[in-house]
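Asks: Sending over a structure as structure tokens; questions will come in a sec.
The values are calculated or read from the model by the stated rules, or taken from the named source; none is laboratory data. The structure presented is a predicted model; accordingly, all values stated were derived computationally and were not measured. Glycine gets a Cβ as well: all are built from the backbone with ideal geometry, and neighbour counts include every protein chain shown.
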């Protein structure tokens, strides 16, 4: 049975926060638009090669508010769980981590994705945030398995996944459409039994 974390009709995901030593994660809220848009814009060239093509209105307030409403519905329906990553102390948005494609029944799994602003890359923020979200996935959500995929050439992403306990499981041809092209991906997964907080 799906976990009902937020009431029907709520326009934002729930007010919750997961704290780590250097970062905390929480669901996006409408008030986060400017900080989110600023770090995404400042990191555009850094992010575009690794992400789906950005729509022309990607960073607008209206687009962000639509995203937050959609994410609230996904939380409500136990389909996906999006988080922004904030630096402890400053409260700056440094990136995002999400669990998507939640599958229940005999699968009990989801897919993790993440991004980090260029100024915050290679500082350990995303690996700490990923650990917080894995704790949420295996604890509160009760998932059995979390999967992830990255481009074979994305050495930092592969290193992050291995650092937090994912294991490489395979190679998928033309797996996702990234930067306008179908791209091969390396597939990773971590099981609840592998997880060590």
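Asks: With out of contact with any helix residue (DSSP H, G or I) (no Cβ under 8 Å at 6 or more places or on another chain) and at pLDDT 95 or above as the only criterion, which of 107, 80, 72 stands out?
Replies: That would be 107, the only listed residue that is out of contact with any helix residue (DSSP H, G or I) (no Cβ under 8 Å at 6 or more places or on another chain) and at pLDDT 95 or above.
Asks: Can you report the number of residues in region 50-73 which are assigned to a helix (DSSP H, G or I) and either without any contact (Cβ under 8 Å) to a residue 24 or more places away in the chain or within 22 Å of residue 124 (Cβ to Cβ) (or both)?
Replies: 6
Asks: Only one residue in 152, 156 is assigned to a loop (DSSP other than H, G, I, E, B) and surrounded by fewer than 14 Cβ atoms within 10 Å (Cβ to Cβ). Which one?
Replies: Checking each option against the conditions leaves just 152.
One line per residue, one yes/no per condition, for (1) part of a loop (DSSP other than H, G, I, E, B); (2) closer than 26 Å to residue 36 by Cβ; (3) under 15 Å from the mean Cα position of the chain (by Cα):
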{"residue": "111", "(1), (2), (3)": "no, yes, yes"}
{"residue": "130", "(1), (2), (3)": "no, yes, yes"}
{"residue": "142", "(1), (2), (3)": "yes, no, no"}
{"residue": "146", "(1), (2), (3)": "no, yes, yes"}
{"residue": "160", "(1), (2), (3)": "no, yes, yes"}
{"residue": "165", "(1), (2), (3)": "yes, no, no"}
{"residue": "171", "(1), (2), (3)": "no, no, no"}
{"residue": "186", "(1), (2), (3)": "no, no, no"}
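Asks: Regarding region 84-101, can at least one residue be identified that is surrounded by fewer than 17 Cβ atoms within 10 Å (Cβ to Cβ), on the phi > 0 side of the Ramachandran plot, modelled with pLDDT under 95 and part of a loop (DSSP other than H, G, I, E, B)?
Replies: Taking every residue of region 84-101 in turn, at least one turns out to be surrounded by fewer than 17 Cβ atoms within 10 Å (Cβ to Cβ), on the phi > 0 side of the Ramachandran plot, modelled with pLDDT under 95 and part of a loop (DSSP other than H, G, I, E, B).
Asks: Additional query: Give me a count of the residues in region 62-73 that are within 15 Å of the chain's Cα centre (by Cα) and surrounded by 18 or more Cβ atoms within 10 Å (Cβ to Cβ).
Replies: 3
Asks: Could you check region 173-190 and list, in sequence order, the residues that are over 11 Å from residue 147 (Cβ atoms) and free of Cβ contacts under 8 Å to residues at least 40 places away in the same chain?
Replies: Residues satisfying the conditions are 173, 174, 175, 181, 182, 183, 184, 186.
Asks: Surrounded by fewer than 20 Cβ atoms within 10 Å (Cβ to Cβ), in contact (Cβ under 8 Å) with a residue 12 or more places away in the chain and in a helix (DSSP H, G or I): is that true of residue 135 in this structure?
Replies: So residue 135 passes the test.
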